[in-house]
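Everything on this sheet refers to the single structure shown next.
The values are calculated or read from the model by the stated rules, or taken from the named source; none is laboratory data. Computed from a prediction, not measured in an experiment: that's the story for all the values here. Cβ placement follows ideal geometry from the backbone for every residue including glycine, while neighbour counts extend to all protein chains displayed. Ligands, DNA and RNA are stripped out before the accessible areas are found, and what is left, the full protein with its side chains, is counted by its heavy atoms. Shrake-Rupley method; radii C 1.70, N 1.55, O 1.52, S 1.80 Å.
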Amino acid sequence: MISSTVSSKILKAIAKREGFNFVETLTGFKWMGNKAWELMNQGKTVLLAFEEAIGYMCGTTVLDKDGVGAAMQLAQLAAYLETQGKSLRQHLDFIYNEYGYHVSNNSYFICHHQPTIEAMFHRLRNFNGPETYPDSLESYVIQGVRDLTTGYDSTQPDKKAVLPSSKSSQMITFYFENGCVATLRTSGTEPKIKYYTEFCAKPGQSNWSELESELATMVKLMVKEWLQPEKNCLLARSD
């Protein structure tokens, strides 16, 4: 199974428990489609690929996001669960209980001034001195950083990112000790600074409302301390 790096880590949690292969790619279905093709040529079976907010690829009949195919799979699941006297919501709760609750909090700010964006990310890369990243967000400890602009990854033995890096775009991911994963990145097509955050709880952590509240607190701190919207004149997302 495949997902992009800004998508939920739920597949990774399931893979760890059930023993199937999980592959992470850069954002965009072209990366997942190409990875699926590569794996198929190695004799692998690709069951699912998905990306946050943009779609699903169920199987390999279409090596791209396919809403029709995804709807058919969901209909089949709903029909099967109905024979068991269960709802989709109940099945989702079962998944969370088995593999850990995963909750996301994603949004963006608009910035038309490229030097401001570059200064923001330069600050994050030199936070406590030259070439140092934040090691905490107030009381929340950061245990790993991956920077796909520079190719740095503190979680790897050689400190080099496994995924391809590109200096033409900004993308930094922070891994927190409490299970939160936060990514800041620029859009390749719009004047946006996007943030993706997810709380990846362990199985058995059942107080989901507390986890959602803690993630919301972390997002507010991240926006205040790292993005500094007032200082940088960032425009908030308007729905």
What tally of residues in the stretch 154-197 results from selecting those that are open to solvent by 10 Å² or more (accessible area, probe 1.4 Å), closer than 18 Å to THR27 by Cβ and not in a loop (DSSP other than H, G, I, E, B)?
-> 9
Which pairs do you get when a residue that is open to solvent by 40 Å² or more (accessible area, probe 1.4 Å), found in the stretch 89-106, comes within reach of a residue that is of a type in the set (Ser, Thr, Tyr), reach meaning Cβ atoms under 8 angstrom, with the pair 6+ apart or on two chains?
-> ASN97/SER206; SER104/SER8; SER104/TYR196; SER104/THR197; ASN105/THR197; ASN106/TYR195; ASN106/TYR196; ASN106/THR197
Going through the stretch 89-119 in order, the residues found to be part of a strand (DSSP E or B) and either polar (S, T, N, Q) or more than 21 Å from ALA53 (Cβ to Cβ) (or both) are SER104, ASN105, ASN106, SER107
For the stretch 1-37, the count of residues that are within 22 Å of THR189 (Cα to Cα), of a type in the set (S, T, N, Q) and open to solvent by 30 Å² or more (accessible area, probe 1.4 Å) equals 2
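Count, please, the residues in the stretch 125-153 that happen to be assigned to a strand (DSSP E or B) and without any contact (Cβ under 8 Å) to a residue 60 or more places away in the chain.
The total comes to 12.
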So which residues in the stretch 62-88 are in a helix (DSSP H, G or I), open to solvent by less than 70 Å² (accessible area, probe 1.4 Å) and free of Cβ contacts under 8 Å to residues at least 12 places away in the same chain?
-> ALA71, ALA75, ALA78, ALA79, LEU81
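Listed residues TYR175, TYR133, TYR196; which is closer than 18 Å to PHE109 by Cβ, of a type in the set (Ser, Thr, Tyr) and touching a strand residue (DSSP E or B) at 6+ places or on another chain (Cβ under 6 Å)?
Of TYR175, TYR133, TYR196, the one residue that is closer than 18 Å to PHE109 by Cβ, of a type in the set (Ser, Thr, Tyr) and touching a strand residue (DSSP E or B) at 6+ places or on another chain (Cβ under 6 Å) is TYR196.
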Looking only at the stretch 38-60, decide whether some residue is farther than 30 Å from SER206 by Cβ, open to solvent by 60 Å² or more (accessible area, probe 1.4 Å), modelled with pLDDT of 95 or more and touching a strand residue (DSSP E or B) at 6+ places or on another chain (Cβ under 9 Å).
-> no
Filter the stretch 199-230 for residues that are at pLDDT 95 or above and not in a helix (DSSP H, G or I); which is nearest to TYR108 (Cα to Cα)?
-> PRO229
